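Bear in mind these aren't lab numbers, they're just calculated from the coordinates by the rules spelled out. Predicted, not measured: the structure shown is a model, and the values here were computed from it. Don't worry about glycine lacking a Cβ; one is built from the backbone with ideal geometry, like all the others, and counts go over all protein chains shown.
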Amino acid sequence: MKKILLSVFFAFSCICAFSWGTDQFVHTEPVGRSSVIATSAGILYCSVPSGTTGQRGIDIMMSTDFGASWNLVTNLSNGQLVAKSKMLVTGTDSVYCAYLTGGNLYFYNLQSHTRHSYTFHTVADFDVVASPNANVLYVFVDEAGTDYLFYRTTLDGGTTWTGIHGTVSVSAASPRATMDGTRLLLSYYGPVLSSLSTSEIVSSVWEETSPGQIISHSFSHILNSGVNRPQFGVVLTNMTAWLFYSVSDTLQEIRYMISTDGGNNFSTETVFTGNATTFAGCFDYTQVKLPGDSGIGLVWYSEVGFGPGQMNYTFASSSDPSNFSTTEIFHDFSPACTDDDTYPSICQILSDVAVTFFEEDASVSSLYFDMRSMTAGLPDDKMGAVFRIYPNPVLNELHIETTIAASEKVYSIKDICGKEIQRVVLNGTHNSVELNDLSSGIYLLDNGSGKTERFIKL
């Protein structure tokens, strides 16, 4: 049974209930870092380094029904072991997959279904961010066999590399980047020590002056060397940044630092979770853009004592960045996280968040999907519904079918917090309603008798 928690979301002036759905199978156990992303229309893409015997490579999966079912788009680099992947959506809503195999970095274009190689360096690790302002990718590459960290820019998904490029550092590794508006933050290990994860962590501030052009403003050594930090990363929303990192010396903790000036200065470190009896690690984060305010969603794996593992989620607003919402626990089976191949991945999908994570069901290890939904405290109408709606998502015209003929029956269209937006009068068993005046987003159709159906306006 899923736990459903009631939280106050400060971005709205109402109290909304948040629930997680049934875990949906995506793929057999991955053998490299997977990634999930959603377009503005709510179409989901997930990259899965495949461990299928005799196949290998990377499978790119797609879902057009909010994760209820997944279909294979393509298998790339068949027969090769893919160590890491990342899905991206640019400011033009174009979708790309970057993935690393055998020191070679590739970019796959989901629109043209073409693959292009990054040929400038042999790659040990990488990160890439999509500009929200254009069809631009900024790529940061940790060169294999050296301690050099480079950056390059592509304005066409990796087909050509005509944008700005250069060297970030001659002693750096494991780049981690985030971007919001025109501000880009890059963090990395450096100077590089023989025990890499005990190196200092550096944060740098960059600005996009025009699509494909970025300049660096500052570099700060924000965490000293000598502490084992196997995972770290930074996320930026509305000029507020969170740097999260795991610590695994005597305890396994997740800690964080906050910047309220766009990454120029960070607070002292704070323990987020984990102690002598609770293991905490294997996390991921995402920007969460909401009306009136934005913030970040954080998902992580934990174990209490010798008990079973669990998946956890929280939210923090950019206007109150150290105030994390009540932890929500979600999983149907037995989640696990053993290394970076099994880290969870989180993304925003419309006004919700979605997560892929590693889970065992009847001793079979697989990648599963779950989605968090705002239901405004109204009953879920999956059982015994007296009406249905289609298409969903919908562009302009929504069709409503009822099992009993209606006579001047009033239905209401509400926003995600239950505020009435529009009334619909039904007659007969089939009706349609024009939605041209509705903005894109998630809405509820309420029949006035406690039954609701959620739909998405494109």
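Near the amide H of Asp332, under 5 Å away, which other amide H atoms are found, from residues 5 or more places off or on another chain, if H is placed in the peptide plane?
Asp23
Assign unit charges at the C-beta atoms only (+1 for Lys and Arg, -1 for Asp and Glu), then state the dipole size of the stretch 285-367 relative to its Cα centre in Debye, rounded to the nearest 20. Display every interim value, and only then the final one.
Details: 1 positive and 12 negative charges, 63 e Å.
Around 300 debye, computed over the stretch 285-367.
Quick one: what are the phi-derived ³J(HN,Hα) couplings along the stretch 343-354, Karplus 6.51/-1.76/1.60 with θ = phi - 60°, whole Hz, x for glycine and proline?
Per residue, the Karplus-derived 3J(HN,Hα) values read 4, x, 9, 10, 8, 7, 10, 6, 9, 10, 10, 10 Hz.
Once P(r) over Cα pairs in 10 Å bins from 0, in percent is worked out from the coordinates, which option in (1) 4, 20, 30, 27, 13, 5, 1, 0; (2) 4, 13, 15, 16, 16, 13, 9, 6, 4, 3, 1, 0, 0; (3) 4, 18, 27, 24, 16, 9, 3, 0 does it equal?
(1)
Can you list residues from other chains, or at least 5 along the same chain, whose modelled amide H is less than 5 Å from the amide H of Gln422?
HN-HN under 5 Å from Gln422: Ile413.
Among Thr268, Thr90, what is the fewest-to-most ranking by other Cβ atoms within 10 Å?
On the way: Thr268 6, Thr90 20.
Sorted ascending by nearby Cβ count, the order is Thr268, Thr90.
With 10 angstrom as the radius, rank Tyr285, Tyr189 by how many other C-beta atoms surround their C-beta, starting from the fewest. Don't jump to the answer; show the numbers that get you there.
Numbers: Tyr285 20, Tyr189 28.
Ordered from fewest to most neighbouring Cβ atoms within 10 Å, Tyr285, Tyr189 come out as Tyr285, Tyr189.
Can you tell me how the stretch 30-123 classifies by the Cα gyration tensor, rounded, prolate or oblate, using a/c under 1.5 as the rounded cut?
On the way: a/c = 2.14, a/b = 1.28, b/c = 1.67.
Oblate is the answer for the stretch 30-123, as a/c is 1.5 or above yet b/c matches or exceeds a/b.
Just to confirm my numbers, what's the Cα centroid distance between the stretch 414-455 and the stretch 140-171 in Å?
If we compute the Cα centre of each part, the gap is 49 Å.
Roughly how many debye, to the nearest 20, is the charge dipole of the stretch 165-301 about its Cα centre, given +1 on each Lys and Arg Cβ, -1 on each Asp and Glu Cβ, and no other charges? Intermediate values should be presented prior to the final figure.
Details: 5 positive and 10 negative charges, 27 e Å.
Computed about the Cα centre, the dipole is about 140 debye.
Using a simple charge model, +1 on the beta-carbon of Lys and Arg, -1 on the beta-carbon of Asp and Glu, nothing else, what dipole does the chain show about its Cα centre, in debye to the nearest 20?
Details: 23 positive and 44 negative charges, 79 e Å.
Result for the chain is approximately 380 debye, rounded to the nearest 20.
What order do you get for 269-280, 136-147 when each peptide is scored by the mean count of other beta carbon atoms within 10 Å, highest first? Display every interim value, and only then the final one.
Numbers: 269-280: 16.1, 136-147: 20.2.
Packing order, densest peptide first, comes out as 136-147, 269-280.
Would you work out which of Asn312, Gln55, Val394 lies farthest towards the positive end of the dipole of the chain, given +1 charges on the beta-carbon of Lys and Arg and -1 on that of Asp and Glu, about the Cα centre?
Result: Val394.
Choose one of Gly428, Thr178, Phe283: the residue whose Cα lies farthest towards the positive end of the charge dipole of the chain (beta-carbon charges +1 Lys, Arg; -1 Asp, Glu; about the Cα centre).
Gly428
Which of Lys414/Lys457; Lys289/Lys451; Lys86/Lys457 have a Cα-Cα distance over 20 Å? Write down the numbers at each step before the final one.
Details: Lys414/Lys457 12 Å; Lys289/Lys451 28 Å; Lys86/Lys457 28 Å.
Long pairs (Cα-Cα over 20 Å): Lys289/Lys451; Lys86/Lys457.
With point charges of +1 on the Cβ of Lys and Arg and -1 on the Cβ of Asp and Glu, referenced to the Cα centre of the chain, which listed residue (Tyr411, Gly190, Asn265) lies farthest in the positive direction of the dipole?
Checking the options against the dipole of the chain, the answer is Tyr411.
Take every DSSP beta bridge whose two residues both sit in the chain, then give the antiparallel share in percent to the nearest 5.
About 100 percent, rounded to the nearest 5.
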